[in-house]
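Chemist: Before I ask anything, here is the structure I am working with.
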Amino acid sequence: MAEIKVPELAESITEGTIAQFLKEPGEYVNQGENIAELETDKVNVEVTAEQSGVIQKFLKEAGDTVEVGDAIAVVDENADSSSSDSSAGETEAKEAPKEEAKPAEESSSSEESDDVEADDSGEKPVASPAARKLAREKGIDLNAVPVRDPLGRVRTEDVENYEQNKEKASAPKQKEEKKQDSKPKEKDEFEGKPVVRERMSRRRQTIANRLVEAQQTSAMLTTFNEIDMSAVMELRKRRKDRFQEMHDVRLGFMSFFTKAVIGALKQYPYLNAEIQGSEIVRKQFYDIGMAVSTEEGLIVPVVRDADKKTFADIEQEVVDLSKKAQNNQLQISDLQGGSFTITNGGVFGSLLSTPILNTPQVGILGMHKIQWRPVAIDEENMENRPMMYIALSYDHRIVDGKEAVSFLVKVKELLEEPENLLLEG
């Protein structure tokens, strides 16, 4: 027998939460095949089998927190794929509650009457061992549990949701019976109204904690300006077809803003710094974080050494990182570090916002929707121009207001005269 253990994750990550098992006890797995998905603070990681064999049992359940090196499964490396079915039967038999020895006929009859999985037809639903165990403990008939798994398997979460829904359905009756209680229970606060409770993913918990931490550990302030995007849009219109033909990637706005931010950071270096204890660490590199929205929340992959990259390099890397984020394929190394962050609420239609710092960074630039509006060109003339509001949130502990405002003005100047990006970005 061999144990499958949680692998090394990253230098700063020592634990994770089991999101789901991808195999069942009794199944044959090949070396290198994924058996479980692990949620960490930043990305999801697959746990792979270190050797081929039949899974005898899982040592943990979905939702358990595990540390690097913890064993989560036992594999019989001497068994082959043909023995997986019999192994599964043995595994279930081992997990069944121990009973006193009975005659064969009596024992069989007792099991049929007591097994919560059995229905009138004698068929059993397909369920994970953990789900079967939980159903037995709660006295729940697995045939009554709605299944969300596309393969029709009942999982622990299905049993838990079924139990919660039963409790909610009986809440009004329970409330009437417990009117004499001086202190109502928390689950009755909705007075029988329908609600849905769901477990926060580990990543969502991390995002929530970091946002609160940013508010509590920094003196965050935001300053605003606006950019006339006419020059950038005109340049992009003229060059986008040729650009895509040469580099096989679209010319977007992110490369322009990245270059403008780098030019401004070179002139105002305290926005490319962080506080460590009683010291200010000014970074001599430009690793720019690009906020990307995913189903589980906002994550910030990093474009390394962006000052040394061309417009095409930046656009290609933004595309690659976004695809990896949407497909849940980002590595820990894609997210670590970063000296400054750019976030674009404009893709969702936002006109103005106050972005929250990605600590320990001390600056974040917020892009917004481009909107045509009348602008005074001089004392007598007005023109419709494509305008964008920009916002800079900064840590006032090491960045003064004058420096923050000047930084934002520099970004504005570089984008309104984009040829300067070749010289200063």
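Chemist: Using Cα pairs under 8 angstrom and six or more residues apart, how large is the relative contact order of the stretch 205-424, in percent?
Modeler: 31
Chemist: With +1 assigned to the C-beta of every Lys and Arg and -1 to the C-beta of every Asp and Glu, and no other charges, what is the dipole magnitude of the stretch 299-367 about the Cα centre in debye, to the nearest 20?
Modeler: It works out to roughly 120 debye.
Chemist: Quick check: net charge around Glu37, other residues with Cβ under 12 Å of its Cβ, Lys/Arg +1 and Asp/Glu -1?
Modeler: 0
Chemist: Sort the following peptides by mean Cβ neighbour count (other Cβ atoms within 10 Å, averaged over residues), highest first: 288-294, 400-406.
Modeler: 288-294, 400-406
Chemist: Please report the base-10 log of the normalised intensity I(q)/I(0) for the stretch 205-424, using a Debye sum with one equal scatterer per alpha carbon and no solvent, at each q in 0.17, 0.18 (1/Å).
Modeler: At q = 0.17, 0.18 Å⁻¹ the computed log10 ratios are -1.31, -1.46.
Chemist: Now, a different point. Identify the residues of the stretch 221-243 with backbone N under 20 Å of a label point that sits 7 angstrom from the Cα of Val375 along the Cα-to-Cβ direction, or state none.
Modeler: Counting backbone N atoms under 20 Å from the label point, the list is 223-239.
Chemist: Please compute the net charge surrounding Gln244, taking Lys and Arg as +1 and Asp and Glu as -1 over other residues with Cβ under 10 Å from its Cβ.
Modeler: 0
Chemist: Along the charge dipole of the stretch 192-289, which of Met233, Gln276, Val196 sits closest to the positive end, that is, farthest toward it, with unit charges on the beta carbon of Lys, Arg, Asp and Glu (+1, +1, -1, -1)?
Modeler: Checked the options; the winner is Val196.
Chemist: Turning to a different aspect of this structure: Report the Cα-based extents of the stretch 261-357 along its three principal axes, largest first, to the nearest Å.
Modeler: 38, 29, 26
Chemist: Which entries in the list Lys283/Lys308; Lys369/Lys402; Lys266/Lys402; Lys259/Lys309 go over 19 Å, if you measure between the two C-alpha atoms of each?
Modeler: Correct reply: Lys369/Lys402.
Chemist: To continue, here is another question. Enumerate the amide H contacts of Ala73 below 5 Å, restricted to partners 5 or more residues apart or on another chain; note that Pro and chain-start residues carry no placed amide H.
Modeler: Counting only residues 5 or more places away or on other chains, the set is Ile4, Leu59.
Chemist: I would also like to ask the following. Ranked highest first by average number of other Cβ atoms within 10 Å, how do 159-165, 61-67, 385-391, 372-378 line up?
Modeler: Numbers: 159-165: 17.4, 61-67: 15.0, 385-391: 19.6, 372-378: 10.0.
Going by the mean number of other Cβ atoms within 10 Å, highest first, we get 385-391, 159-165, 61-67, 372-378.
We did not get these values from a lab; they are worked out from the coordinates using the rules stated. Just so it is clear, the model here is predicted, and its values are computed rather than measured. Methodologically, a virtual Cβ is constructed for each residue, glycine included, from the backbone with ideal geometry; neighbour enumeration extends over all protein chains shown.
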